[in-house]
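Enquirer: Quick one: the structure is below, questions incoming.
The values are calculated or read from the model by the stated rules, or taken from the named source; none is laboratory data. As the structure is a prediction and not an experimental result, all values here were calculated from the model. Cβ sites come from the backbone with ideal geometry, for glycine too, and all protein chains shown count toward neighbours. For accessibility, only protein heavy atoms count, side chains too; no ligands or nucleic acids. Shrake-Rupley method; radii C 1.70, N 1.55, O 1.52, S 1.80 Å.
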Amino acid sequence: MEAHYWWVIGGVLFTLLNTAAGLIWLERRMLALWQDRYGPNRAGPFGILIVLADTLKLFFKEDWIPPFADKVVFVFAPAVVVASVLMAFAVVPFGPNIVVADMNIGILFFLAMSSLGVYSIVLGGWASNNKYALLGAMRGASQMISYEVFMGLALMGTVVLSGTFNLGKIVEAQRGMWYIFPQLLGFLIFFIAGIAETHRLPFDIPEAESELVAGFHSEYSGMKFGMFFIGEYLGITLISSMIVTLYFGGWLGPAFLPGVIWFILKTFVFISVFILLRASMPRPRYDQLMEYGWKVLFPLSLLNLLGTAAIKLLIDK
Amino acid sequence: MFSLLRSMWLVFLHTFHKRETYQYPEEKAPLPARWRGRIALTRDPDGGERCVGCYLCAAACPVDCISLQATEAPDGRRYPSFFRINFSRCIFCGFCEEACPTYAIQLLPDFEMAEYDRQNLVYEKEDLLINSQGKYPGYNYYRVAGMAIEGKDKGEAQHEEPPVNIKSLLP
């Protein structure tokens, strides 16, 4: 039993960190594909060794801490994002019996950990002691905290349907029907909130390079910037895998492939959708984002929860 | 909302489009004939140098990257004793080509001039002279100009009338 867990933890960490690094390449290739270019195609087969080159480059860059920064927090902040996202992966069921922590409050744990990610942005922006970084951090904080609200509310639809917070059991409950069908609205809200939560385009307002240099990580360089980078890609992977777990039946799938493979395939599809979003969407204004969240998504997610619960009660009677 | 989904779909359709990139070192982009690239000194149809060392190119050059020294051959032809273009300064504006009265200096469709050593970007006359008439084949300055050189006296150029004897009163 003990040995099994070490294998799972090691395997999950290995897969995730490699996925996050591989996404550098994947994203650039797919963006290039959709812009009728090739993208990185020189180093190694299909240019995949760009990952290696990029990582080496990050390691050898000068790791500069601005003299005006709050040094302890400045160093600490990038680690938070990676740590919190990796922690959140602990509850994701990658396959039957392949889960680091089979918690009965899995969803709450996921929400808690993704909330902790806000600290990285806020602290990073604050410790940089730079006005653009601070503006980015402010935006990031309000955006992520707001969107967490309806992210949580949208999730509750699946919780109502399955009657459990345990992600593994939620997957099992989808044997009859994936929750995307009864919870289409919930899925859409969760997806939009997930984009905002990972502050990916089109909701990359904390970074907004056309307005804020690079937003909260303007002052970061070298591997500290790399940590934010990896954190972002891990975040995409996390949200994709949560979408798959909650709405697309997790590792369930026809038996000719093992569950893990189904999970990876489905997650990959959603990662691609994230990249497609980046390729096609304009960035909304900051106030538009907040307005959209609070005036549209928030009531919708409440309605969704209410409706789901009512129908569930009706059916159970 | 619909327009966002539509734009996502249209972007997705680009998956099946042809890619526009030239895979450069293997696949070269076709350069137009009037591409302003590497500067060369061209030659007459006879193989003689076209440049007559008039300094107009050096005067026209906005970055002063051309330097030369005119001299005269025993046969009466003017030519540059040295001709030097500093390509680390050159901005490939083509003003020298426009200024040149003898079509000698020409910009060619070639841009692959990268060097590891900056000094190698300074081209001397032997680097600049090419065995070609460039964009104006058949043009021979000394055959159309009225200047006398060895083997071609005054009045012997193409379409040139014999010189008028200004000392004579006859019509």
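Enquirer: Tell me the label-point distance for the pair B:A70, A:D36, using the 7 Å Cα-to-Cβ offset, in nm and rounded to one decimal.
Expert: 5.1
Enquirer: With a bin width of 5 angstrom, please list the P(r) values of the stretch A:68-316 as percents of all Cα-Cα pairs, from the 0 bin to the one holding the largest distance.
Expert: 1, 7, 14, 18, 19, 16, 12, 8, 4, 2, 1, 0, 0
Enquirer: Could I ask something else about it? Specify whether the C-alpha gyration tensor of the stretch A:166-228 places it in the rounded, prolate or oblate class, a ≥ b ≥ c being the square roots of the eigenvalues: rounded for a/c under 1.5, otherwise prolate if a/b is larger than b/c and oblate if not.
Expert: Here the stretch A:166-228 falls in the oblate category.
Enquirer: Okay, next question. Using helices alone, I'd like the mean residue ellipticity at 222 nm for the protein assembly as shown: each DSSP H run of four-plus residues gives -39500 (n - 2.57), total over residue count, nearest 500.
Expert: Result for the protein assembly as shown: -16000 deg cm²/dmol, rounded to the nearest 500.
Enquirer: At 7 Å along the Cα-to-beta-carbon direction for both A:L184 and A:S221, put a label point, then send me their distance in nm to one decimal.
Expert: Between A:L184 and A:S221, the label points sit 5.2 nm apart.
Enquirer: Mean-square fluctuation check for chain B, GNM, Cα pairs under 10 Å: which of B:P25, B:P45, B:P62 is largest?
Expert: Maximum among the listed residues: B:P25.
Enquirer: For labels at A:A310 and B:E124 in the simple 7 Å Cα→Cβ model, what's the distance in nm?
Expert: According to this spin-label approximation, the distance is 9.2 nm.
Enquirer: While we're on this one: Using r as the Cβ-Cβ distance of A:V269 and A:Y5, and R0 as 25 Å, what FRET efficiency do you calculate, to the nearest 0.05?
Expert: With R0 = 25 Å, the Cβ-Cβ based efficiency is 0.30.
Enquirer: Short version: ³J(HN,Hα) in whole Hz for each residue of the stretch B:156-171, in order, from phi by Karplus 6.51 cos²θ - 1.76 cosθ + 1.60 (θ = phi - 60°), x for Gly and Pro, what are they?
Expert: Karplus-based 3J(HN,Hα) across the stretch B:156-171 equals 9, 6, 5, 6, 9, 7, x, x, 7, 7, 6, 7, 8, 8, 5, x Hz.
Enquirer: While we're looking at this one, here's another question. Return the whole-Å distance between the Cα centroid of the stretch A:186-259 and the Cα centroid of the stretch B:71-122.
Expert: Cα centres, the stretch A:186-259 to the stretch B:71-122: 55 Å.
Enquirer: Also: In the Gaussian network model of chain B, springs joining C-alpha atoms below 10 Å, which of B:F82, B:F12, B:F111 carries the largest mean-square fluctuation?
Expert: Largest GNM mean-square fluctuation: B:F12.
Enquirer: Got a sec to turn the phi values of the stretch A:39-44 into Karplus ³J(HN,Hα) couplings, 6.51 cos²θ - 1.76 cosθ + 1.60 with θ = phi - 60°, whole Hz, x for Gly and Pro?
Expert: My calculation for the stretch A:39-44 gives x, x, 9, 9, 7, x Hz in order.
Enquirer: Chain B: Rg/Rh from Cα coordinates, Kirkwood Rh?
Expert: We get a ratio of 1.24 for chain B.
Enquirer: What is the set of long-range amide H partners of B:A70 at a cut-off below 5 Å, with H atoms built 1.01 Å from backbone N?
Expert: B:S81
Enquirer: Let me ask you something else. Give, in nm to one decimal, the length gained when the segment between B:E20 and B:E98 is fully stretched (0.36 nm per residue of separation minus the Cα-Cα distance).
Expert: 24.7 nm
Enquirer: Here's another thing I want to ask about it. Sort B:R89, B:R34, B:R19, A:R200 by heavy-atom solvent-accessible area, probe 1.4 angstrom, most to least.
Expert: So, going from the largest accessible area down, we get B:R34, B:R89, B:R19, A:R200.
Enquirer: I've got another one for you. Convert 37 °C to kelvin, take the viscosity as 0.692 mPa s, use the Kirkwood radius over C-alpha pairs of the protein assembly as shown as Rh, and evaluate the Stokes-Einstein diffusion coefficient in µm²/s, rounded to a whole number.
Expert: Value of D from the Cα-based Kirkwood radius: 117 µm²/s.
Enquirer: Right, next: What are the residues of the stretch B:1-45 that lose 30 Å² or more of accessible area, with a 1.4 Å probe, going from their chain alone to all protein chains?
Expert: So the qualifying set is B:L4, B:M8, B:V11, B:F12, B:H14, B:T15, B:R19, B:T21, B:Q23.
Enquirer: Need the full-extension length gain, A:N129 to A:M177, defined as separation in residues times 0.36 nm minus the C-alpha distance. One decimal, nm.
Expert: Extra length available between A:N129 and A:M177 comes to 12.2 nm.
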